[in-house]
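What follows is a single structure, and I will ask about it in a moment.
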């Protein structure tokens, strides 16, 4: 059993060794808002999210989504909290916008910025052309031979935000191709079922959801460490928004080398 300062040292070691994985997980989870009829009417709403590992709070944030006619924009702001914030002062902002065509998100521009103490990084990609083009990046994956990949892998890819929305348009029935500037991967649903979720973290009664088991198919751009550490599978529970005709995740679970990673999302109550 781990106590007091030993716990702090343990998480300090654990989090620094796995910070890239954690940032990727938080990014993936915070983007996972789901829509069914995305162009039916304007939507301007905000969701609150929080994440935990082994029951200890890691991060909190907000997801702001705007849908109007044939355009969409999504902004995510997240930051570390609790013990994790003592170990690592982490913040991230993600922006994605594009058009809605045939009830699908078509990426135009994507930008992710993260701050880890005195270090910071960013990725900005233009998706308007046939092949996505990196506008600016720090560190720059174009200077890393491990990130080199064939142009054929990049055809008809989405940024991570648009990709996840498109995954939801068929309610966990389709596979989407994603390029995040470094890695090329597919998100594939392997099983789905109706599930009644009763979880104390949600602070409400049992919720009827759709439970989806997914896997991430690594296509190209992964380093050896990422292939060893990044999770391959997970579970997500989604429910319909109380005011709008779109679905969003209330719970996401991923098994990692350092414990069960959980993320919860709630509607903002005004």
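Bear in mind these aren't lab numbers, they're just calculated from the coordinates by the rules spelled out. Here the structure is a predicted model, which means the values were calculated and not measured. When we count neighbours, we look across all protein chains shown, and the Cβ atoms used for this are built from the backbone with ideal geometry, even at glycine.
On a full-extension model of 0.36 nm per residue, what is the gain between residue 228 and residue 142, subtracting their alpha-carbon distance, rounded to one decimal in nm? Let's see the in-between values first.
Numbers: separation 86, 0.36 × 86 = 30.96 nm, distance 2.21 nm.
This chain segment gains 28.7 nm when fully extended.
In terms of the Cα gyration tensor, with a ≥ b ≥ c the square roots of its eigenvalues, is the stretch 72-157 rounded because a/c is under 1.5, prolate because a/b exceeds b/c, or oblate? Intermediate results must be reported in sequence, preceding the final value.
Details: a/c = 2.95, a/b = 1.46, b/c = 2.02.
Oblate, since a/c reaches 1.5 and b/c is not below a/b.
Now for a different question. Would you kindly state how much longer the chain becomes between residue 235 and residue 70 on full extension, computed as 0.36 nm times their sequence separation minus their alpha carbon distance, in nm to one decimal?
Working: separation 165, 0.36 × 165 = 59.40 nm, distance 3.06 nm.
That pair, residue 235 and residue 70, stretches by 56.3 nm at full extension.
Just report the Cα centroid separation between the stretch 51-105 and the stretch 180-251, whole Å.
The stretch 51-105 and the stretch 180-251 have Cα centres spaced 14 Å from each other.
Within 10 Å, count the other beta carbons around each residue, average over each peptide in 225-237, 142-154, and list them highest first.
Ranked from most to least packed, the peptides come out as 225-237, 142-154.
Sticking with this structure for a sec: Arrange the peptides 57-63, 70-76, 120-126, 133-139 so that the one whose residues have, on average, the most other Cβ atoms within 10 Å appears first.
57-63, 70-76, 120-126, 133-139
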